[in-house]
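What follows is a set of notes on a single structure, which appears directly below.
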Amino acid sequence: MLTDEIYQRIVGQIEATNPNVFVLDVQLKQGSRNVLSVKLDTDKGITMDECAVLTRALGPWMDEVGFFEFDYGIELSSPGVGAPLLFHRQYLKNIGRDLRVINQAGEETEGRLMVVEEKTITINPYKSSKNLKKGQKPRLADEQVTISFEDIKTSKVII
């Protein structure tokens, strides 16, 4: 079982090994194959080499600490392109990219992420997407929309 204490200690060990890395998620997936899955990122995106170094550091430490009394594997990876943005610093690295934001009321805004401030983001939304040809992206509207982080239910980068 992945307790809050175990979660915090794993996060602390990863951040101590590489202070540029931040942890997005830690899950213990139990089944026919038990896997400790850790999603990581940096302000510039995480590389496979960084994940490999962290895996080599985390594995022996986990064995030494002995959190789990069963066999398990460790998977460290990036969250993937379609994963939701969870932290302020993820928004910062995606300035200039297209974003889909769903607010707490379920309303959707799509457009280009223009500004990230302490408590808000500013998006230049798309104009109406009617009459677009297949594969054609909509044009950006003239006005911008500011959205409070508190109002964001989920947001993802649009590929």
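This ranking places 152, 95, 10 by how few other beta-carbon atoms lie within 10 Å of each, fewest first, which gives 95, 152, 10.
Of the GluC sites (Glu not before Pro) found in segment 68-159, those in coil by DSSP whose Cβ has at most 16 other Cβ atoms within 10 Å are 69, 107, 117, 118, 143. Take every pair of alpha-carbon atoms less than 8 Å apart whose residues are at least six positions apart; their mean separation over the length of the chain yields a relative contact order of 18 percent.
What does the charge add up to near residue 34, with Lys and Arg as +1, Asp and Glu as -1, over the other residues with Cβ less than 15 Å from its Cβ?
Values: positive: 29, 33; negative: 63, 69, 71, 75.
Around residue 34, the charge tally is -2.
Here the chain is treated as a sphere whose radius is the Kirkwood value from Cα pairs; by Stokes-Einstein at 37 °C and 0.692 mPa s it diffuses with a coefficient of 184 µm²/s. Pairs of Lys residues in the chain, spaced 8 or more positions apart or belonging to different chains, with C-alpha separations under 18 angstrom: 11 in total. What is the Cα centroid distance between segment 1-41 and segment 59-136, reported in whole angstrom? Measuring centre to centre over Cα atoms gives 18 Å.
Computed on segment 118-159, the Cα convex hull volume stands at 94 Å³ per residue. Between 128, 37, 77, the GNM of the chain built on Cα springs shorter than 10 angstrom shows 128 fluctuating the most.
Let me know the whole percent of all Cα-Cα pairs from segment 18-61 that are separated by more than 18 Å.
Working: 296 of 946 pairs.
More than 18 Å apart: 31 percent of the Cα pairs in segment 18-61.
In the chain, the calculated helix contribution to ellipticity at 222 nm averages -7500 deg cm²/dmol per residue, counting -39,500 (n - 2.57) for every DSSP H run with n ≥ 4.
Summarise the long-distance tail of P(r) for segment 4-77 by giving the % of C-alpha pairs beyond 19 Å. Please report the intermediate quantities before stating the final value.
On the way: 759 of 2701 pairs.
Within segment 4-77, distances greater than 19 Å cover 28 percent of Cα pairs.
Among 112, 9, 139, the ranking by other beta carbons within 10 Å of each residue's beta carbon, starting with the fewest, stands as 139, 9, 112.
Read-outs throughout are calculated quantities, based only on the coordinates presented, and are distinct from any laboratory measurement. What you see is a predicted model; the values in this text were computed from it and never measured. Don't worry about glycine lacking a Cβ; one is built from the backbone with ideal geometry, like all the others, and counts go over all protein chains shown.
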